Structures are given as structure tokens and as C-alpha cells.
Amino acid sequence: VQLQASGGGLVQAGGSLRLSCVASGILVSISNMGWYRQAPGKRRELVASLGIDGTTNLVDSVKGRFTIARDNPRNAIVLQMNDLKPEDTAIYYCNYASASGDYWGQGTLVTVSS
């Protein structure tokens, strides 16, 4: 299993970014997927998850601003991030939660300036 994340960058507060995670070795359409983030000095936290049945969950701090979705033709998941805030600054990691354990992408850095 390989997860290739991209789309991070530097953006001003209020701006938008779209993260993508292209998977190989699995089919995202039938996999539990998610995005986590880790800010400097903080623990990694779940930002958004997408279940096999299509159920989505978002951490309270991003509700109304972020959405997670599958891009089945690309075998990818995307995280659309709108109205970004400085506190969203972190490395964002794509995650595949399998029955035997978690797989992680390499991370993509999101920096939001005030």
C-alpha cells in the first residue's frame, strides 16, 4: 500500500487549499480513509474520516470549512479546505485504516499566514 499526498502550501488566512491523496495497492472506494494533521509541538489529530459506507466525520474545529470526499477515477481522496485559519497550520497526513493496521502517506505541509 502506498499513499501519495499533495496539495499543501502557503496560503493567507481565509484562503483555500485542496489536498489529494492518491492510493496504490488498495481501492479507496472500499476503504476506510482519513486525513490527520500534526501541528508543531502537538499530537497528531484526526481531521476528517470517510467510511466505506460514505459516512464522513469532521473534527469540530473544521466543520463548515473542510470537506472530505472520494475521487474514485483517480483512486484518491481529497480534502477541500476553505476559510483557512492560522491554527490550521500543520503537516497533513493521509491515512488508510485497514483491519491489520494503519497506513500513512508522507505528509504535506499546510501553512496559513495571518
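Bear in mind these aren't lab numbers, they're just calculated from the coordinates by the rules spelled out. Source: prediction; values computed, not measured. Neighbour counts are summed over all protein chains in view; Cβ atoms, including those assigned to glycine, are modelled from backbone coordinates with ideal geometry.
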| query | When ranked by the protection proxy of mean other Cβ atoms within 10 Å per residue, highest first, what sequence do the peptides 71-79, 11-19, 37-45 form? | reply | 71-79, 11-19, 37-45
| Given charges of +1 on the Cβ of Lys and Arg and -1 on the Cβ of Asp and Glu, with all other atoms neutral, how large is the dipole of the stretch 59-106 about its Cα centre, in debye to the nearest 20? | 160 debye
| remark: Taking a ≥ b ≥ c as the square roots of the eigenvalues of the Cα gyration tensor, with a/c under 1.5 meaning rounded and otherwise prolate when a/b exceeds b/c and oblate if not, the stretch 58-97 is prolate
| task | Be a star and scan the stretch 3-22 for residues whose amide nitrogen sits under 15 Å from the point 7 Å along the Cα-to-Cβ vector of Ser98. | result | 3-4
| query | So how strong a dipole does the chain carry about its Cα centre when Lys and Arg Cβ are +1 and Asp and Glu Cβ are -1, to the nearest 20 debye? | reply | 120 debye
| query | For the pair Lys42 and Asn82, how long in nm is the line joining their label points, each one 7 Å along Cα→Cβ? | reply | 2.2 nm
| For Ser20 and Ile52, what does the FRET efficiency come to when R0 = 30 Å and r is the distance between their Cβ atoms, rounded to the nearest 0.05? | 0.90
| request: Mind putting together the pair-distance distribution for the chain? All Cα pairs, 10 Å bins, whole percent per bin, short to long. | output: 15, 51, 29, 5, 0
